[in-house]
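The values are calculated or read from the model by the stated rules, or taken from the named source; none is laboratory data. Everything numeric here is computed off the predicted structure, so don't read it as measured data. Glycine also receives a Cβ, built like all others from the backbone with ideal geometry; neighbour counts cover every protein chain displayed.
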Amino acid sequence: MIFLKIFSAAVISAAALIALTGCSRSISAISGADAPAETTMATIEPVTASPLPDTSALPAAEGSYVHDSSGTLTAEETARVNSYCELLYKERLVNTAVVIADDLGGKSPYDYAADSYDEIYQGRGSGLLLLINNDKGDDCLYRTGSALRAIPDGAENIPFYWATMDIMNGDCCSAILRLLQLGESCPRYVFDNIGLLTDEELASLEASLSESKKPVYVLATTNGTDKSNEEICRSYFERRSEDGKGFMIMLDTKSSTVTVVSDADIPAEVTKAKSNADKLLKDGNAVGAVNEIVTAIG
């Protein structure tokens, strides 16, 4: 009989891991760190698998998000996963990657995944990295920033169950897409990379901005780079905006300043509102700072 082991999710510093099985193995799915008693599939409440993300209409990815040193995926499968990773990268502003390795060099799956994320994305931003560990079969779904908050403990249990079925059927590509689909839980308008907003504040801003007449996006971060806030804000804006439309509001807690970029002319009202928004941010009122700019945008 096949067993599905569900572990409590482990949160280490600002990131978490979820372990599964290597694509080359047909063994139990594992999620987290501390194992309770084994649970047979017969004791799991029957559920219907969620549809896999439809990648057929996605454009070919401009970037490369799949790092497959083992040749596990075919060229067509790699293209499908790349396109979906790029969708999450642009639409959810989540640094996404899939790493498939046959040898972890003695590292734990979590450490290997974390090091891979640091190497690919310099450890910055919000991230979702899936490690397929063909070495010993302990896979990791590493998440940090907004992805860590948006994918709560337990949300992975059912996707991991069905991903295990995919792997047992020899379909590693579907298993990967099914797990990456958790990234669609991440916000589309408010990108809090540093946990500046409470859950309630984030949800409220996300809801209001989703109904805004003009596309407005919010990035909360701490600029520890040698780039200006304007450069960082514009890079995120160009990555997220559709056809250059809308505005990106960046809250930098290091300098306590608010930056606004757009491909259109910045309204005079926004420029006037910025000084008050800076003060509100410095006083710890991030939501007030955002609303000050949003109101000025009109």
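Would you call Ser228 of a type in the set (Gly, Ala, Ser), closer than 15 Å to Ile194 by Cβ and without any contact (Cβ under 8 Å) to a residue 40 or more places away in the chain? No.
For the stretch 237-252, a residue qualifies if it is part of a helix (DSSP H, G or I) and surrounded by fewer than 21 Cβ atoms within 10 Å (Cβ to Cβ), and the qualifying residues are Glu238, Arg239, Arg240. Only residues that are at pLDDT 80 or above and either crowded, with 21+ Cβ neighbours inside 10 Å or in contact with a Pro (Cβ under 7 Å, 6 or more places away or on another chain) (or both) were counted across the stretch 149-159, and they come to 3.
When the stretch 253-279 is filtered for residues that are closer than 17 Å to Thr222 by Cβ, of a type outside the set (Ser, Thr, Tyr) and surrounded by fewer than 22 Cβ atoms within 10 Å (Cβ to Cβ), the ones remaining, listed by number, are Lys254, Asp278.
Criterion applied to Gly183, Gly195 was being within 26 Å of Tyr142 (Cβ to Cβ), in contact (Cβ under 8 Å) with a residue 24 or more places away in the chain, small (Gly, Ala, Ser) and surrounded by 15 or more Cβ atoms within 10 Å (Cβ to Cβ), and the one residue passing it is Gly183. Within the stretch 211-225, is even one residue outside the structural domain of Ala155 (by TED's automatic domain parsing) and in a helix (DSSP H, G or I)? No, because not a single residue in the stretch 211-225 is outside the structural domain of Ala155 (by TED's automatic domain parsing) and in a helix (DSSP H, G or I).
Considering the stretch 72-172, the qualifying strands (runs of 3 or more DSSP E), each wholly inside and each with 3 or more residues that are touching a Lys or Arg at 6+ places or on another chain (Cβ under 8 Å) and in contact (Cβ under 8 Å) with a residue 24 or more places away in the chain, run over 126-133. Within the stretch 109-123, the set of residues being modelled with pLDDT under 95 and of a type in the set (Ser, Thr, Tyr) comprises just one member, Tyr110. Going by the conditions given, is Ser83 surrounded by 12 or more Cβ atoms within 10 Å (Cβ to Cβ), assigned by TED's automatic domain parsing to the domain that holds Ser146 and modelled with pLDDT under 95? For Ser83, the condition - surrounded by 12 or more Cβ atoms within 10 Å (Cβ to Cβ), assigned by TED's automatic domain parsing to the domain that holds Ser146 and modelled with pLDDT under 95 - is not met.
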